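Let me begin by presenting the structure, written as structure tokens, before commenting on it.
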Amino acid sequence: MATEFLGYERPDGQVGLRNHLLVMATCDCSHQEAIKIATAIPSAVAVTQWYGCRNDPLVASQMIGIANNPNVGATLLVGHGCESITVDILGQGIDKTKKALANVVSQRDGGTIKTIEKGIRILRDMATDLSKEKMKSFDITNLIVAVECGGSDATSGLAANPAVGNAIDKLIDAGGTAIFSEPIEMTGTEHILARRAVNKGVASKIYALVHNSEKWAKARGIPSRFMSKGNLDGGLSTIEEKSLGAILKGGTRSIQGVLENSRNRLEHPAKPGLYLQDGTGWDVPSVTHMLAIGAQIVLFTTGRGATTGHAIAPVIKVTGNPITFSNMEDNIDVNAGRIIEGKAGITAVGEEIFNLMVRVASGEKTKTEMMGYNDFVIWRSDPVADHLIQTCF
Amino acid sequence: MKLAIRLKPNDNVVTVTNVLKRGELVSIFSEEGKKIDNVNATTDVPLPFHKIALVQIAKGEEVKKYGEIIGYASEPIDKGEWIHVHNIESVSLPEKEIK
């Protein structure tokens, strides 16, 4: 098993697997300018958030986290002018990583056309500088992997998640870091996860994480069968059954901590190892949230055939469903359905996933990257609802 | 011959890898691939990767998969019967949406 990969060393010491040129609109009002600017430069990608112009610190923290992700080589912020998450607020957080950063603002720079022209020139120069950067060899201890499942079915817990979990065990044993989230999909598994906590404090945090998410679901009147039609058709009958399969994607090693979010700070992994994150069960925002705390690559399992990729990170798709693989081979990188068919063992597929992960880290493109997928949604947790749930339930 | 996987020794349900017609014989294998038992399907199972009961389960009894409780039987369940949302309910969350 190779445990070294090629990456880009950033000024703050983080290691990027890709050299993305990020064009980040502060809000939907400047998204059109961002798209037009990014379209002019082939390596650029435009993203935004969709929660309006108020300053929600959890949203702003994730935007800063995304620009600070080492897969991003340089960032152009595209502001509108009257929004509350300003280019200056974002810029102050992003500046700490000492990567190239600039901004354009429609209301300051003379409207759409002048803003776009100015933005394209800045971006062209950034792209030229990024193209000069050389990749270097790094040890796997520099790798942070986000693990996600989406469009699950009963094969996810039988094949795809245990195989990815096996790859995560290998990563942790080699000194790497992994994060998994989706607390709602830990319902009924807290006693299993808490047994793996490194200490009593972390075990208490795991119980609190899962119980809070249950409280959140109950307060909103969300039933056990809030799962998608595809989850149910795929043989998952209760949230506990889905969860028991879902947590297998995190492997079997000790859990070092629960990464929390205060409203203006996202907790990052303090040292290598396996972590849980307090986030959402909604796939694209969940992945975006894990990338916002420094994950560089995503292992994504699916049963029904999720097509998700990401704007700033390679996403490796693994299915445990042999029918889905033969039906959607264009979207899936690894067929763990061979486990169900009795053609391969969990350990063998785990090793295959690990090896592919190291090759993808070094630049090999995944199926979502080849298709140019640039999924991106920032997660927002409603602070008023959060407060009410904590005080009333 | 149709196949099913029993994940842990104390599970009372198995995952069938195919669809089933009532009366069809299902070979049960352990996670390690060892043949354990045969069970006759006592209902149709309309979709692949769904569950059938390995033993009779009384109403209110635990339904176990992964060696853990995935819910309680909301109806009496026969050996070989399809188990899904019509006869199992969650432990932690309500079954019906509040509207």
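The values are calculated or read from the model by the stated rules, or taken from the named source; none is laboratory data. Values in this document were obtained by computation on a predicted structure and should not be read as measured data. Here Cβ is always computed from backbone atoms with ideal geometry, including for glycine, and neighbour counts include all displayed protein chains.
Within the bounds of the stretch A:57-75, is there any residue that is in contact (Cβ under 8 Å) with a residue 12 or more places away in the chain, assigned to a loop (DSSP other than H, G, I, E, B) and more than 25 Å from A:Met135 (Cα to Cα)? Checked the stretch A:57-75: no residue is in contact (Cβ under 8 Å) with a residue 12 or more places away in the chain, assigned to a loop (DSSP other than H, G, I, E, B) and more than 25 Å from A:Met135 (Cα to Cα). Picking from residues in the stretch A:218-227 that are hydrophobic (A, V, I, L, M, F, W, C) and part of a helix (DSSP H, G or I), the one that is farthest from the other protein chains (Cβ to nearest Cβ) is A:Ala219. Is it the case that some residue within the stretch A:95-102 is surrounded by 15 or more Cβ atoms within 10 Å (Cβ to Cβ), touching a residue at least 60 places away in the same chain (Cβ under 8 Å) and outside any helix (DSSP H, G or I)? Yes: one or more hits.
As for the stretch A:334-344, it holds at least one residue that is buried (at least 20 other Cβ atoms within 10 Å of the Cβ) and assigned to a loop (DSSP other than H, G, I, E, B).
Which one is surrounded by the fewest Cβ atoms within 10 Å (Cβ to Cβ) among residues in the stretch B:29-52 that are among the polar types (S, T, N, Q) and more than 14 Å from chain A (Cβ to nearest Cβ)? The residue in question is B:Asn38. Whether a residue is modelled with pLDDT under 95 and of a type in the set (Val, Ile, Thr) was assessed, and A:Thr48 does not pass this test.
Pairs are defined by a Cβ separation below 6 Å, a sequence spacing of at least 6 or placement on different chains, a first member in the stretch A:194-207 that is closer than 15 Å to A:Thr252 by Cα, and a second member that is of a type in the set (S, T, N, Q) and modelled with pLDDT of 95 or more; the pairs so defined are A:Arg196/A:Ser254; A:Val198/A:Ser254; A:Val198/A:Gln256.
Number of residues in the stretch A:161-216 that are in contact with a Leu (Cβ under 8 Å, 6 or more places away or on another chain) and small (Gly, Ala, Ser) equals 6. Here B:Gly71 does not fit the description of being without any contact (Cβ under 8 Å) to a residue 24 or more places away in the chain, over 26 Å from A:Glu185 (Cα atoms) and either of a type outside the set (Lys, Arg) or not in a loop (DSSP other than H, G, I, E, B) (or both). Residue under question is A:Ala174, and the condition is that it be in contact with a helix residue (DSSP H, G or I) (Cβ under 9 Å, 6 or more places away or on another chain), within 12 Å of chain B (Cβ to nearest Cβ) and not basic (Lys, Arg); does it hold? Spelling it out, it is not the case that A:Ala174 is in contact with a helix residue (DSSP H, G or I) (Cβ under 9 Å, 6 or more places away or on another chain), within 12 Å of chain B (Cβ to nearest Cβ) and not basic (Lys, Arg). Can you name the residue in the stretch A:127-171 that is in a helix (DSSP H, G or I) and of a type in the set (D, E, K, R) and, of all such residues, is nearest to the other protein chains (Cβ to nearest Cβ)? The residue in question is A:Asp169. For B:Val55, the conditions (1) without any contact (Cβ under 8 Å) to a residue 24 or more places away in the chain; (2) part of a loop (DSSP other than H, G, I, E, B); (3) away from every other protein chain (no Cβ under 12 Å) are fulfilled apart from (1). In the stretch A:102-121 there is no residue that is within 24 Å of the chain's Cα centre (by Cα) and at pLDDT 95 or above. Against the test of being over 24 Å from A:Thr75 (Cα atoms) and not in a loop (DSSP other than H, G, I, E, B), the options A:Thr307, A:Thr280, A:Thr301 yield a single qualifying residue, A:Thr301.
Quick grid of which residues meet (1) within 15 Å of B:Val91 (Cα to Cα); (2) more than 7 Å from every other protein chain (Cβ to nearest Cβ); (3) buried (at least 24 other Cβ atoms within 10 Å of the Cβ); (4) at pLDDT 95 or above:
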{"site": "A:Trp216", "(1), (2), (3), (4)": "no, yes, no, no"}
{"site": "A:Lys229", "(1), (2), (3), (4)": "no, yes, no, no"}
{"site": "A:Leu236", "(1), (2), (3), (4)": "yes, yes, yes, yes"}
{"site": "A:Glu240", "(1), (2), (3), (4)": "yes, no, yes, yes"}
{"site": "A:Gly251", "(1), (2), (3), (4)": "no, yes, yes, yes"}
{"site": "A:Ile255", "(1), (2), (3), (4)": "no, yes, no, yes"}
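Only residues that are over 17 Å from B:Pro9 (Cα atoms), of a type outside the set (A, V, I, L, M) and out of contact with any Ser or Thr (no Cβ under 6 Å at 6 or more places or on another chain) were counted across the stretch B:23-55, and they come to 9. Counting the residues of the stretch B:73-99 that are buried (at least 17 other Cβ atoms within 10 Å of the Cβ) and not β-branched (Val, Ile, Thr) gives 10. For the condition of a type in the set (Ser, Thr, Tyr), within 11 Å of chain B (Cβ to nearest Cβ) and free of Cβ contacts under 8 Å to residues at least 40 places away in the same chain, A:Ser262 does not qualify. Scanning the stretch B:1-28 for residues that are within 12 Å of another protein chain (Cβ to nearest Cβ) and either in contact (Cβ under 8 Å) with a residue 40 or more places away in the chain or loosely packed, with under 13 Cβ neighbours inside 10 Å (or both) turns up B:Ala4, B:Arg6, B:Leu7, B:Lys8, B:Asp11, B:Val13, B:Val14, B:Thr15.
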